[in-house]
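The structure appears below as structure tokens.
The values are calculated or read from the model by the stated rules, or taken from the named source; none is laboratory data. Keep in mind it's a predicted model, so treat the numbers as computed, not measured. Positions of Cβ are backbone-derived with ideal geometry, glycine not excepted, and every protein chain shown enters the neighbour counts.
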Amino acid sequence: MLRSMTKKSTTLLNLTAVVVLVTLLYLLEINKNSFGMAVSILQKSVILSIVAVSMNLLNGFTGLFSLGQAGFMAIGAYITAIFSISSDTIDSVYYTSGLAPWLMSFKLGLDVFPSAIRILFGLLLGGVVAGLFAALIGIPVLRLKSDYLAIATLGFSEIIRAILSSPQMDQITNGSYGLKNIPGFAIESDFLPVGTGSLLVPFAIAALCITFMVMLIKSSYGRAFMAIREDGVAAEAMGINLLKHKELSFIVSSFMTAIAGGLLAMFMRSIDARTFQISMTYDILLIVVIGGLGSITGSILSAFLVTASKEWWLRFFDQPLITGGITIPLFRTGFRMVVFSVLLMVVVLFFRRGLMGNREFSWSALLSWPKRMPKAKKGANKRG
Amino acid sequence: MTSTTIIQHILTGISLGGAYALIAIGYTLVYGILLLINFAHSDIFMMAGYFMVFAMAVMPWPIAIPLVIAVTIFLGVVIEKAAYKPLRAAPRMSIMISSIGVSYLLQNLATYLFSALPKGYPTISPLKRVFQIGSVSASLVTFLTPVLTLILVFILMYLINHTKLGMAMRAVSKDYDTAKLMGIKINQIISVTFVIGSAMAAIGSILYFTDRMSVTPFSGTLPGLKCFVAAVLGGIGSVPGAVLGGFIIGISETFLTAMGYSTYSDAFTFLLLILILIFRPTGLIGETVTDKV
Amino acid sequence: MDNSASTVLALRDVTMQFGGVVAVDNLSLEVRRGEIVALIGPNGAGKTTVFNVVTGVYAPTNGQVSFGNQVIAKNSPQGKMQKLYAGQNKGVYKGSVQPTPDQITKKGIARTFQNIRLFKNMTVFENVLIAKHMNMKAGFFAAVFRLNAKEEKNMRAESLALLDMLGLADLKDEIANNLPYGKQRRLEIARALATKPELLLLDEPAAGMNPQETEALTDFIHQIKNDFNLTILMIEHHMNLVMDISDRIYVIDFGELIATGTPEEVQNNPAVIAAYLGVDE
């Protein structure tokens, strides 16, 4: 009965959900002062959801394993930061060696455009540069066994970090001092309430990025990616050019990861190379694995759940806990991350399908959930 | 550069290379048998560093060293049994993710237990004794590392090529399924592999950290990455290959650092990886494998 | 009869050597338009290696493969192999043509695999639909933004029509891995046909089938050969099937051609009997 839910009613539900979401986000962002924590968690979650989905595109749908997320994010973050920091404050940011003259004149040239355009330019340029790096790494590495991609991208990520903070890059990345005074998401205008855009802007960009990736997965190219994941030899025998398609997937994934990196720079307002350590890549992997390899909605859901638990709900793990005058010994700085790594291992070892497996969210599944529960397995077989 | 400083750098490079070689052996053995990049190996190496810090706080070095090796071996085997063994039948990506999970866990555990601040590495005084040969002076550890590495490698090669256990290891690495059918106890062979790999990592860790002076929860990552590259460079699966790769990377890194390009010495390792993957994916002394279709 | 005009596939002096092991030794064979040709031989004779050479999985060590009047693979011993080479006709074939398997498929050669290689977690329909990807005209962005809706619709319609023709339409939404064995074999052939090949290579299509299933397969192969205007080269161990269906047979042992001819000729050839049964010299 519910399975026969019409296309019309699904569209209606989707539309309603979007309207409700936008209204909620708007109400939250204009009352940022009272909901500071929620706003910041939502910002970070939605940014990480882009990275998680793009990791899933590569890992869950194409069967390739890149561990370069932190590096690609760093590229996006630095490029976005350089182009979005206002030219007026740039000297105070690069207070040691100043910004390289060629870059400065380029920046000044861009100043004829409004700041939103400059930021967008930075985000896109970050994505394009990351995509180029991905293409270059991909050509030698993607011909080989997929293992090498993991190690090559991990190496790349560490190198990027080292280069960003090296003294030779002082005039571009401000070396080990990092960049600050990066503008946030809020749109500054006399006609809009303060805080407008803090949530709607990152959510809108994330929606665009994720929609693109979903449309890609559902296209003929997406099917080709999945065929490669299932069996590379057979895919090749079906006329699919392995290298080309692996490159495509890797480039799109890296592009999106860099966009998310740019957004992260705007979220954090100040960045330095230490932000983009390997542990950041591992954090993303945690999100993807918990959400379920091969499920887009799983990755998104997991990005919000993991971020909220980590930054908010489970914060208390890091505080000393005193009950009835007795200090519980385990609770102190770092315990939270231990709990998360144990959680990752538990999911990897015992719940390999994660929250969603390779299924996707659907209204009919949600609405029929209470009834379906006991027979879930049967239903799945029938559909399969 | 004068000839004295060149000799000095070569010595340092060989010494660093020796430590890298020992760690690379762990990667190459595990990859040879399980086709797994054991991401946790670099953190086993890091943990061995911490074990030494705590062991030396309460006991003299002749007791501390064997104890640390034993504890590291224990850690390696426990990781294999807990995190890899349950996934034997799972897709290869799952076990790779599991190894990353272990790496993440060990790093976070170390941060939690020992804090993220660097801990001073204890001085093993005889290793630090400075020798003077002509105008070149270096501590004992510099001379000892390559010698010890070569001795260990020869023992290991003997074990692999001339004992029954070694024959079983080679068989598993050549053809996992057939070896299993022939009645080789796969799990036992895998455990032995982890014992050897972890022992080498523990010894490598002592030699490496004695020159570095401090340990942090992340001090395993970059050396680990380099050692994996060393294993690929020499030819993954091959022990002499890993040793050759370790020495090449150790020496080139030392020279680049001496010339003032320490930032780029890491980039160089990565460049080596890309180059070897383009021109000789099977490594310098690895053998070609044809995939069966 | 003018052979060359109707030759679809021709192997000339093909040698495939792995390290010191010669898997295919100076093999020449020919498949003419509209024929069903069988390649038989004991286990390990190098039959699948021949398929892998034809489909570009391996580059031959020496020799030449042509499809129609186009050379699709050519090689002579290179690098280390120059010293190691143990075959014949070294230096006869100048230059090197080494296509990738997807290029071969695009030229019109499709294959199935000895151990079925379906896209296991995808549906029957998707398995077939994949084959349409290689001829898609729309570029990457056009495909992602659905600017090729009409093309996509055609791809789907063609795939559905194919499944219908081969009696798999009612299974189209099944996950490939859940199909019974015989159907999986059939789906693999359907998937190969979806690439619209001129030449179809079947690697042990009847492996693991009982006599009834094998008989059904015989009819099926005849049916597709006529319906799709195919030329077929197949590797097979079921002798009934081979004798029943083939126009000509090539027999290889240890990579070498030991006999060729019609089923009757091959059946009575002493060398073939020796290879299969073993004979005291």
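Brief remarks follow.
- Considering region A:315-361, and only residues there that are polar (S, T, N, Q) and exposed (fewer than 14 other Cβ atoms within 10 Å of the Cβ), the residue that is nearest to the other protein chains (Cβ to nearest Cβ) turns out to be A:Q319.
- Applying the set (1) at pLDDT below 90; (2) within 29 Å of A:I210 (Cα to Cα); (3) not aliphatic (A, V, I, L, M) to C:N43 leaves exactly one unmet item: (2).
- Residue that is surrounded by the most Cβ atoms within 10 Å (Cβ to Cβ) [pool: residues in region C:104-133 that are over 21 Å from C:L160 (Cα atoms) and more than 8 Å from chain A (Cβ to nearest Cβ)]: C:I109
- Any hit, region A:181-188, residues being outside any helix (DSSP H, G or I), within 12 Å of chain B (Cβ to nearest Cβ) and surrounded by 19 or more Cβ atoms within 10 Å (Cβ to Cβ): no
- Number of positions in region A:284-305 that are part of a helix (DSSP H, G or I) and either free of Cβ contacts under 8 Å to residues at least 24 places away in the same chain or more than 14 Å from chain B (Cβ to nearest Cβ) (or both): 10
- Residues of region C:134-145 that are at the interface with chain A (Cβ under 8 Å from one of its Cβ atoms) and either within 17 Å of C:K196 (Cα to Cα) or surrounded by fewer than 13 Cβ atoms within 10 Å (Cβ to Cβ) (or both): C:M134, C:N135, C:M136.
- For region C:36-95, filtering for residues that are under 22 Å from C:T260 (Cβ atoms) and among the charged types (D, E, K, R) leaves 1.
- When A:M226 is tested against (1) facing chain C (nearest Cβ under 10 Å); (2) part of a loop (DSSP other than H, G, I, E, B); (3) surrounded by fewer than 23 Cβ atoms within 10 Å (Cβ to Cβ); (4) not charged (D, E, K, R), exactly one condition is not met: (2).
- Exclusive hit being in a loop (DSSP other than H, G, I, E, B), among the aliphatic types (A, V, I, L, M) and under 25 Å from C:G108 (Cα atoms), set C:A190, C:A206: C:A206
- B:K180 vs. criteria more than 14 Å from every other protein chain (Cβ to nearest Cβ), among the basic types (K, R) and free of Cβ contacts under 8 Å to residues at least 24 places away in the same chain: yes
- Residue within region B:209-223 that is surrounded by fewer than 24 Cβ atoms within 10 Å (Cβ to Cβ), basic (K, R) and closer than 25 Å to B:Q107 by Cα present: yes
- Among the residues of this structure, B:T163 does not count as one that is within 14 Å of chain A (Cβ to nearest Cβ) and over 23 Å from B:Y20 (Cα atoms).
- Selected residue (only one of B:L256, B:L273, B:L244 is within 27 Å of A:G68 (Cα to Cα) and surrounded by fewer than 24 Cβ atoms within 10 Å (Cβ to Cβ)): B:L256
- For region A:109-141, the set of residues classified as within 14 Å of chain B (Cβ to nearest Cβ), over 23 Å from the mean Cα position of the chain (by Cα) and either surrounded by fewer than 23 Cβ atoms within 10 Å (Cβ to Cβ) or of a type in the set (G, A, S) (or both) consists of A:I139, A:P140, listed by residue number.
- Criterion: among the aliphatic types (A, V, I, L, M), part of a helix (DSSP H, G or I), without any contact (Cβ under 8 Å) to a residue 12 or more places away in the chain and within 14 Å of chain B (Cβ to nearest Cβ) - qualifying residue of A:I163, A:I159: A:I163
- Selection status of C:S28, more than 28 Å from C:E236 (Cβ to Cβ), among the polar types (S, T, N, Q) and either in contact with a His (Cβ under 9 Å, 6 or more places away or on another chain) or in contact (Cβ under 8 Å) with a residue 12 or more places away in the chain (or both): no
- In region A:231-255, the residues that are part of a helix (DSSP H, G or I), at the interface with chain C (Cβ under 8 Å from one of its Cβ atoms) and farther than 27 Å from A:A70 by Cα: A:V233, A:A234, A:A235, A:E236, A:A237
- Residue within region A:257-280 that is under 26 Å from A:V214 (Cα atoms) and at pLDDT below 95 present: yes
- Matching entry among C:V128, C:V124, C:V92 (being under 17 Å from C:K196 (Cα atoms) and in contact (Cβ under 8 Å) with a residue 60 or more places away in the chain): C:V128
- Meets criteria (without any contact (Cβ under 8 Å) to a residue 12 or more places away in the chain and of a type in the set (A, V, I, L, M)) for B:I186: no
- Flag for C:Q70 being away from every other protein chain (no Cβ under 11 Å), under 25 Å from the mean Cα position of the chain (by Cα) and loosely packed, with under 13 Cβ neighbours inside 10 Å: yes
- For region B:103-117, the tally of residues that are surrounded by 15 or more Cβ atoms within 10 Å (Cβ to Cβ) and either facing chain A (nearest Cβ under 7 Å) or not hydrophobic (A, V, I, L, M, F, W, C) (or both) stands at 8.
Listed here are the residues, each with its yes/no results for (1) over 29 Å from A:G155 (Cα atoms); (2) surrounded by 15 or more Cβ atoms within 10 Å (Cβ to Cβ); (3) more than 14 Å from chain B (Cβ to nearest Cβ); (4) modelled with pLDDT under 95.
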position: A:L15; (1), (2), (3), (4): yes, no, yes, yes
position: A:V18; (1), (2), (3), (4): yes, no, yes, yes
position: A:A38; (1), (2), (3), (4): yes, yes, yes, yes
position: A:L42; (1), (2), (3), (4): yes, yes, yes, no
position: A:V46; (1), (2), (3), (4): no, yes, yes, no
position: A:I50; (1), (2), (3), (4): no, yes, yes, no
position: A:M55; (1), (2), (3), (4): no, yes, no, no
position: A:N59; (1), (2), (3), (4): no, yes, no, yes
position: A:L67; (1), (2), (3), (4): no, yes, no, yes
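- Criterion: under 19 Å from the mean Cα position of the chain (by Cα) and free of Cβ contacts under 8 Å to residues at least 12 places away in the same chain - qualifying residue of A:A38, A:A17: A:A38
- Spans of helices (runs of 4 or more DSSP H) in region B:219-281 with at least 2 residues within 10 Å of chain A (Cβ to nearest Cβ) and in contact (Cβ under 8 Å) with a residue 12 or more places away in the chain: B:221-234, B:262-279
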